[in-house]
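Data block below; observations after.
Read the figures in this text as sums done on the coordinates, not as results from a lab. As the structure is a prediction and not an experimental result, all values here were calculated from the model. When we count neighbours, we look across all protein chains shown, and the Cβ atoms used for this are built from the backbone with ideal geometry, even at glycine.
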Amino acid sequence: MSVRVLVLTDITPGEEEAFERAFADVAARMKGTPGHIGDELLRDVRAPGSYVLVGEWTNREDFQTWFDAPGHQETTTPMRRYWAGRARHGVYEVVVRVD
């Protein structure tokens, strides 16, 4: 069963555009990663500077393998530098999908 990885974070004020560009760059580099399906970046319309990063993976194991790999930190550093404090993340299994 596929999984979604959600990362909730706030961005340093004034750095939103730079963060969005960095996210797009990181997402492009993720292409071809085993088990990685795609990414989305959601901006909270009621709370400027608040974002949800959504990653779609074929399964939890593929995500965990990538997350535990040494390259994970290097790959995501360009966007993490804009985070204002710690981000929260969760891994959610898709149990019902309606198209």
Extreme residue, farthest from W83 (Cα to Cα), among residues of region 13-38 that are of a type in the set (D, E, K, R) and assigned to a helix (DSSP H, G or I): R29
Members of region 66-99 found to be in a helix (DSSP H, G or I) and surrounded by 14 or more Cβ atoms within 10 Å (Cβ to Cβ), listed by number: W66, F67, T75, T76, P78, M79, R80
Within region 34-67, considering residues that are in contact with a strand residue (DSSP E or B) (Cβ under 9 Å, 6 or more places away or on another chain) and polar (S, T, N, Q), the one nearest to L8 (Cα to Cα): S50
Total residues in region 1-46, condition of a type in the set (G, A, S), exposed (fewer than 12 other Cβ atoms within 10 Å of the Cβ) and in contact (Cβ under 8 Å) with a residue 12 or more places away in the chain: 1
Cβ pairs under 7 Å, 6+ apart, first in region 70-99 and under 17 Å from V54 (Cβ atoms) and touching a residue at least 12 places away in the same chain (Cβ under 8 Å), second in a loop (DSSP other than H, G, I, E, B) and of a type in the set (S, T, N, Q): V94/S2
Test: residue in region 23-43 that is acidic (D, E) and in contact with a Gly (Cβ under 9 Å, 6 or more places away or on another chain): yes
Flag if D10 is in contact with a helix residue (DSSP H, G or I) (Cβ under 8 Å, 6 or more places away or on another chain), among the charged types (D, E, K, R) and assigned to a strand (DSSP E or B): no
Members of region 50-65 that are out of contact with any Phe, Trp or Tyr (no Cβ under 8 Å at 6 or more places or on another chain) and either closer than 16 Å to A27 by Cβ or in a strand (DSSP E or B) (or both): S50, V52, V54, E56
